[in-house]
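The structure appears below as structure tokens.
The values are calculated or read from the model by the stated rules, or taken from the named source; none is laboratory data. None of these values were measured; they are calculated from a predicted model. Reconstructed Cβ throughout: ideal geometry from the backbone, glycine too, with neighbour counts over all protein chains shown.
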Amino acid sequence: MQIQVDIGFENLIKIVKQLPKDQLLRFKKELEKESTEDAQQKDLRSFLLNAPVFTDEQVATIEQTRKDIDKWRETDILINPVFKPSGKFATMVGRDGQHYFNLIASNGQVILSSEGYTTTAAMHNGIESVKKNALDDKHYERADSKNGKFYFNLKAANGQVIGKSQMYESEASRDNGIESVKKNASDSIITEE
């Protein structure tokens, strides 16, 4: 049941003063809680209505700063001893003017070599394709040569060869080479040789 009484402010003060001490403390806490909640609501509303708005120039500066930070992080990977990438993609331009890459394991051994690409962009697409397809065993074509050695090709989803292995003495060595490509491809950095 709720009763509504219209009393003046002076009468309200008299009633509050007559409250026992414990009820008076509870009353004060309720008033403080209510005023704190009101202040928080007002602060949030004020913030939302008066929040800073960025100009297009400021947004462009923020985006460029993020790109610079990402670039710095990539550079830091090269000098930060805490992060050790598994291997690297060593890129080069051949005597024929074509662009090539080798995937090199952390032990320095070349584990996958590309075919020639006409542009740097096409070569980088090839590297991304290796990273994308390396983990899936169905993209590996295992083969043996006429001289009795073993090798593999890594193929893209469209069946195109994106990398060839070295020659191995045994099937087990070849399979270890495939496992090494799977392990090294995804987080290897790209360097120019």
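Observations on the model:
- Test: residue in the range 118-137 that is of a type in the set (Ser, Thr, Tyr), closer than 18 Å to ASN184 by Cβ, more than 23 Å from the chain's Cα centre (by Cα) and not in a helix (DSSP H, G or I): no
- Under the condition of being surrounded by fewer than 18 Cβ atoms within 10 Å (Cβ to Cβ), in contact with a helix residue (DSSP H, G or I) (Cβ under 9 Å, 6 or more places away or on another chain) and either within 18 Å of HIS124 (Cα to Cα) or not assigned by TED's automatic domain parsing to the domain that holds LYS183 (or both), the residues counted in the range 88-110 number 2.
- Taking the criterion of being buried (at least 16 other Cβ atoms within 10 Å of the Cβ) and either assigned to a strand (DSSP E or B) or out of contact with any helix residue (DSSP H, G or I) (no Cβ under 8 Å at 6 or more places or on another chain) (or both), the residues of the range 149-170 that qualify are PHE150, TYR151, PHE152, ASN153, LEU154, LYS155, ILE162, GLY163, LYS164, TYR168.
- Scanning the range 171-193 for residues that are of a type in the set (S, T, N, Q) and assigned to a loop (DSSP other than H, G, I, E, B) returns SER186, SER188.
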